[in-house]
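The values are calculated or read from the model by the stated rules, or taken from the named source; none is laboratory data. Small disclaimer: the values here were computed from a predicted structure and weren't measured. Reconstructed Cβ throughout: ideal geometry from the backbone, glycine too, with neighbour counts over all protein chains shown.
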Amino acid sequence: MKISRSLLRALNVRRDEWWLVQKLFLLQFFQGAGIAFFFTASFSRFLEHYPVSDLAYVFIISSILLWAAGFFYGKLEHRVSSSRLSVIITIVLAASMILFRAGAAYITDDWFFFVMLAWFNVLYLLNNLMFWGMASQLYDVRQSKRLFGVISAGDIPAKFIGYSVAVLIVAITGTANLLLVGFLCIGLSFPFLKKVLQAEKSTKGHHADSSKHGPVLNTIVKDFTANILIRRVAVLSLIVSACIVLINFGFYSEVKHAYKNDVEFARFIAFFLAIARLIALLIKILVTSRLLYWLGNRAALVITPLLLIILITALLLTNVLTYNTKMVLYIFGLSAIVVDVLNSAINSPVLLTLMQPLSTLERLRAHNIVKGIMDPFAYLFSGLFLLVFMKLKIFDLQTLSYVLLGLAVAWIMGIFRVHQQYLKTLIKTISSRYFSQEEFNLYDPAARELIEEKINTGTELEVLYILRTLGSRSGTESNRLIIHALHHPSVTVVSEALRLVSELHIKEAESWLSAIIENHPADIIRGEAIKVLAEIAFQDAIIVPLMQSPDALIRNSSIISILNHSQVSLNIEDAEKRIKEFLVSADPAEKKEALIMLCETGKGHFDNELVSLLNDPDPILRINAIKAMGYHPSQVCLEQLIKKIDDHEKDVIEALIIAREKSLPYLKSRILENKCPAKQKENLLHATGRIGGKAAHEILMALISELPGFEPYIIKVLHRCHFKSDKTNQPFVESLIRFQLINAATILHMQKKIVTQKEKYAVLSGALDLELQEIRETLLFLFSFIYDRDKISKIKAAIEINKKETNANAIELVDMTVKKEFANPFNAAFEFGDLEHRCDLLKSLFPKDIFPDINAILTDILSDTKTSYNIWTKSCSLYFTKKLNHKVEAPLIHKYLQSENPLLKETAVFAAAIN
Amino acid sequence: MSKLSPDKLLLFEKVLILKSLAIFRESPETILSELAPLMQEEEFEKGAKLFSEGDIGDCMFVIYKGEVKIHKGSTTLAVLKEKEVFGELSLLDSETRSASATANTDCFLFKIDQEPFYELVETRPEVAKGFIKILCQRLRAQNEKAVAANR
């Protein structure tokens, strides 16, 4: 069946999804119609013989039958394949129609009428389990949000037609023969079931690993207790179902009260249900997916209970102010319509969507719990409630209204709790694929003993691992274990333990450090111990004499320690003098030692000596001097340092990073110099980011405007240095987001133009894909400036996996984290799916048909004015201009002849040869 | 021999050649365009030895035209054809070659030396990232093979 673009747009369905959507719709249509005929027949026959109050017994019988059906469904689910199960369920639906028709001819006992009406709920449950079981496997979380409304809408016209036809033909056929019409409908659903099952085969079957799981009931109970999301959805579902059962009961009582004649009664009910289904159909097809798109899950779910509260309050007021039977009936009718319509149009699809982040198996179990366990509970609760209140003779409209009000409030609370857990589950689903960490608990004496034992006997690597873990926490126990590691025979382990003593400032290690300085066989460890001791508890008496040590390591360590920690100016001057002597020594080894020492202290004044060494003929000394200048960033040193950047780019940049904030003005002015090569600009921007802090952020933000073509790189740098926008710069960040979204839309429109000649322009198309990826990354960086950085990182990681399911989860998280103005176009641009549909969604950002042909695309890329394209994309454009004889203005090619990038320059020369 | 050598290839075309190789299929062209300038064109006559078993490996080869035989003594291990790569791990470390390579026909190859590659990696971390990705993919594929073999 061909379908127009506008209809697809209206339904929010993508072209590649349409085939399956229509099959699911028709499957649900025919099965829904069959069940509607069954309901009409059983309900009218029941009401013909019994009062409405007897419905309470039907509710209780329903609950027992539903549990039994859910139990057998669960058993079967684990024994047969999903496709066979669907066929079995459909056969049960058809067989029920025939058996009850036969029963109606011969059985006149009371139980038959009660069971028949209760059996309707079983058919409804089985159909639901089967249908949503299939749908949840066929679609991911994003698709389900858009499509569940449409595919399940088949049920509504079916019921509309079913109820309407029933009213018309019941006089001719009699109520019992409606069951035969129902049988026919179920039969007609078979071809569509077959087609859907074929599609399901191509996706991973959810029953494939069922054998690995325990008994059904145990698993269900385990899931119910272990999975918070399932538990909360189940409780919410119980509240909703109880509300619906009670409100329908109240409505039917009022109808029965108003219409004494059974025929009038049946017509009213059928008419009411038909109208309700028609409204539900319209809402489901046209509103549901858009409502979710604009409001999000939580707000969409709250609409129904909120309206219910308003209507029940109106009912109570009407009852108090003026008891008018007709008015009460209408308000109850309206409430029943609202709840019924919105429940099937919004609540059911959204609740199913909320379960999509669960694994396939959990999702199915959740669905079984909601439908197979909670629905029966709702019937049992409602049935018992009605029976008890009627027996106690305290049941009236007012009591029912108060109960409904209470349930509506619980309903809203349930929505908030479910939504909160949904968000957590979504994040967990994304992150659990990357992180898994076990930590030990130091408060546990057994664990402490085990660690201590491991420090004594473990291998070097094991002890290093333990130290690393201890280093991430502080506390007496952890410090004690670190000191314990100072006894380890391995130099590497002791060195790491010393580093931790210094980092965590463990004062208790003082006596151990003195002992190490005295006795440790390794000079390197003794040298380190001097510095650490100086850091945690400097004592001139111990450290100063070591300055005279014949051992260079010990001597140097003491000089550095005195400079860094001594409070005695004479000792400091002495240490400074010793370093200066080394710096001007004739022995290059002493100069080098002094430069290395300067890298461990920022104290003292050595400008002249350092500037002089910067021009030393020995390249190693020059590099060491550059590095030392980073630790002594006086104005003189920084000015000299930046002059050396072209000769020693890497070392100078490292030194500038070490100099931190002091080097920022020098970095900025160099970046803005015209003669600074592009690659060096990037390196300097990166260095600015590594310095970080408010001043670096301000410089980088300013450079976004001052350095055209470098926006994506600067944004990446800002992300790396954990930039967060504030009130002042948020509007600027938002303007950058808008700009990048327009870029994404532009590229998608280019792709749309190319897609018809994809083979010919495969390389260009690939280049545009890379552009799109870069824009996506830039946008996520920008989002991280405004929104929760961790969530955005998870979104980024999930998108990069490049799988449909993880992409859908990530896009869903964008939807929930980022404001709609940005989330909607972002999702449209980067969600998997039909290109044309995505372009349609972005049309507000991008005027249509700005690229009438490929020439226009190549011109846009090469003009490089609005958007800055990658070197590769521009090279592709230049290459295809020549290879495929595209007409592009010569100046657009010639401007690249002087490019500093060899690829771009060479391709421009190639292109210019004929243009 | 010169009939094998193509007209002077553009860097752009070298990128396309790299992209057509199985090991770089997933690497973005933006990274390959950094690698392309390191490709040196080399011609070998049939029978010429490219390297011997036990030599220290310090370059990788891409076969543009011709065939290369990988062998241990007189035992042929493989005959590699156009768009195949060998010695790629030598870009990252300097282990000795585990087998010899000889031109099976007249060949036109691209050679990428380790030293300039290291320099590139130092200045362009994204190239290193791209290579790490390739290695991870290979490791995963090997793991999956090992798991499948153990089943």
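Quick notes on this structure:
- Matching option when the condition is surrounded by fewer than 21 Cβ atoms within 10 Å (Cβ to Cβ) and either within 30 Å of residue A:837 (Cα to Cα) or without any contact (Cβ under 8 Å) to a residue 40 or more places away in the chain (or both), among A:99, A:27: A:99
- Checked against the criterion of being within 14 Å of chain B (Cβ to nearest Cβ) and either touching a helix residue (DSSP H, G or I) at 6+ places or on another chain (Cβ under 6 Å) or among the hydroxyl-bearing types (Ser, Thr, Tyr) (or both), the candidates A:831, A:771, A:777, A:812 yield just one match: A:771.
- For region B:50-78, filtered to residues that are in contact with a helix residue (DSSP H, G or I) (Cβ under 9 Å, 6 or more places away or on another chain) and over 16 Å from residue B:93 (Cα atoms), the residue that is surrounded by the fewest Cβ atoms within 10 Å (Cβ to Cβ) is B:64.
- Within region A:859-876, the set of residues being over 18 Å from residue B:34 (Cα atoms) and not acidic (Asp, Glu) comprises A:859, A:861, A:862, A:863, A:865, A:866, A:867, A:868.
To keep it simple, each residue is scored yes or no on (1) surrounded by 22 or more Cβ atoms within 10 Å (Cβ to Cβ); (2) among the basic types (Lys, Arg); (3) assigned to a helix (DSSP H, G or I).
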site: A:465; (1), (2), (3): no, no, yes
site: A:489; (1), (2), (3): no, no, no
site: A:502; (1), (2), (3): no, no, yes
site: A:512; (1), (2), (3): no, no, yes
site: A:521; (1), (2), (3): no, no, no
site: A:524; (1), (2), (3): no, no, yes
site: A:528; (1), (2), (3): yes, no, yes
site: A:542; (1), (2), (3): no, no, yes
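- Some residue of region B:12-22 being modelled with pLDDT under 90, within 29 Å of residue A:875 (Cβ to Cβ) and more than 14 Å from chain A (Cβ to nearest Cβ): yes
- Of the residues making up region B:79-137, those that are away from every other protein chain (no Cβ under 14 Å), of a type in the set (Asp, Glu) and in a helix (DSSP H, G or I) number 2.
- Any hit, region A:721-729, residues being part of a helix (DSSP H, G or I), at pLDDT 90 or above and over 19 Å from residue A:680 (Cα atoms): no
- Residue A:666 vs. criteria of a type in the set (Phe, Trp, Tyr) and under 31 Å from the mean Cα position of the chain (by Cα): no
- For region A:664-714, a residue qualifies if it is in contact (Cβ under 8 Å) with a residue 40 or more places away in the chain, away from every other protein chain (no Cβ under 14 Å) and assigned to a helix (DSSP H, G or I), and exactly one does: A:711.
- Qualifying positions in region A:643-653 - surrounded by fewer than 20 Cβ atoms within 10 Å (Cβ to Cβ), part of a helix (DSSP H, G or I) and of a type outside the set (Asp, Glu): A:643, A:650
- Taken together, A:873, A:859 contain a single residue that is surrounded by fewer than 20 Cβ atoms within 10 Å (Cβ to Cβ) and hydroxyl-bearing (Ser, Thr, Tyr), which is A:859.
- Residue A:680 meets the stated requirement of being within 17 Å of residue B:126 (Cα to Cα) and of a type outside the set (Gly, Ala, Ser).
- Looking across A:195, A:201, one residue alone is in a helix (DSSP H, G or I), in contact with a helix residue (DSSP H, G or I) (Cβ under 9 Å, 6 or more places away or on another chain) and at pLDDT below 70. It is A:201.
- Some residue of region B:134-150 being farther than 28 Å from residue B:67 by Cβ, touching a residue at least 60 places away in the same chain (Cβ under 8 Å) and surrounded by fewer than 17 Cβ atoms within 10 Å (Cβ to Cβ): no
- Per-region count, region A:848-862, residues out of contact with any Phe, Trp or Tyr (no Cβ under 9 Å at 6 or more places or on another chain) and at pLDDT 90 or above: 3
- Only a single criterion out of (1) in contact with a helix residue (DSSP H, G or I) (Cβ under 6 Å, 6 or more places away or on another chain); (2) more than 28 Å from residue A:33 (Cβ to Cβ); (3) modelled with pLDDT of 75 or more is not satisfied by residue A:357, namely (3).
- Qualifying positions in region A:565-588 - under 57 Å from the mean Cα position of the chain (by Cα) and either surrounded by fewer than 13 Cβ atoms within 10 Å (Cβ to Cβ) or among the β-branched types (Val, Ile, Thr) (or both): A:567, A:572, A:579
- Residues of region A:819-852 that are free of Cβ contacts under 8 Å to residues at least 24 places away in the same chain, under 13 Å from residue A:737 (Cα atoms) and not acidic (Asp, Glu): A:819, A:823.
- Residue in region A:598-612 that is surrounded by fewer than 17 Cβ atoms within 10 Å (Cβ to Cβ), over 26 Å from residue A:531 (Cα atoms), away from every other protein chain (no Cβ under 14 Å) and not hydroxyl-bearing (Ser, Thr, Tyr) present: yes
- Residue among B:38, B:50 that alone is modelled with pLDDT of 90 or more and within 14 Å of chain A (Cβ to nearest Cβ): B:38
- Yes/no for residue B:94 being touching a Phe, Trp or Tyr at 6+ places or on another chain (Cβ under 8 Å) and polar (S, T, N, Q): no
- A single entry from A:892, A:845, A:904 fulfils the requirement of being over 15 Å from residue B:12 (Cβ atoms) and modelled with pLDDT of 90 or more: A:892.
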